[in-house]
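The values are calculated or read from the model by the stated rules, or taken from the named source; none is laboratory data. Remember, it's a predicted structure, so these values are computed and weren't measured experimentally. FYI the Cβ positions are ideal-geometry reconstructions off the backbone, even for glycines, and counts take in every protein chain you see.
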Amino acid sequence: MIVRVGHFQAALGKSDELYDFLQSLAEHICQSEGNLGYQVLRDEAVADKFMVIEHWQSKQAHQDSLAAYPKEQMAAVMPLFAGAPSGQYYLCES
């Protein structure tokens with residue numbers, strides 16, 4: 001299993017909108033082949049910082065899910081981000 005941890009920062013005044021968008025991705029992601037879980041976390045001290053934790057059967061399954069998300073929908077929400085999101089893959093051997 002692979003765990004993908006993503007970090008996101010909302011643009012000024014866009015924290016709630018970014019949170020709603022990240023939550024809305026659950027429908028697409030959880031229906032994607034190979035997805036085993038999806039969770040959105042908001043930083044306790046800094047409300048415009050978020051972490052998304054995704055569990056996948058493989059790195060390829062995650063990448064396929066990203067590729068299948070409509071590009072025009074992603075482009076429409078880019079103003080919600082303060083900068084480029086970052087993320088890493090982690091092996092989960094338990």
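What the table below lists for this structure:
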item	result
Of all residues making up segment 30-47, the number that are within 15 Å of Asp64 (Cα to Cα) and either part of a helix (DSSP H, G or I) or of a type in the set (S, T, N, Q) (or both)	4
Whichever residue in segment 44-86 is surrounded by 14 or more Cβ atoms within 10 Å (Cβ to Cβ) and among the acidic types (Asp, Glu) and, among such residues, is farthest from Phe8 (Cα to Cα)	Asp64
Count of segment 1-29 residues which are in a loop (DSSP other than H, G, I, E, B) and of a type in the set (D, E, K, R)	1
Search result, residues across segment 26-39 that are surrounded by 15 or more Cβ atoms within 10 Å (Cβ to Cβ) and either within 18 Å of Ala84 (Cβ to Cβ) or among the polar types (S, T, N, Q) (or both)	Ser32, Asn35
Tally of residues being of a type in the set (Lys, Arg) and either more than 14 Å from the chain's Cα centre (by Cα) or closer than 16 Å to Tyr90 by Cβ (or both) across segment 1-59	3
Qualifying residues in segment 1-25 (those that are surrounded by 15 or more Cβ atoms within 10 Å (Cβ to Cβ) and small (Gly, Ala, Ser)) - the one nearest to Ala67 (Cα to Cα)	Gly6
Filtered residues of segment 35-83 (kept if within 14 Å of Arg4 (Cβ to Cβ), touching a residue at least 40 places away in the same chain (Cβ under 8 Å) and charged (D, E, K, R))	Glu54, Lys59
Criterion (under 16 Å from Met1 (Cα atoms) and either at pLDDT below 95 or of a type in the set (Ser, Thr, Tyr) (or both)) met by exactly one of Ser15, Ser32, Ser86	Ser32
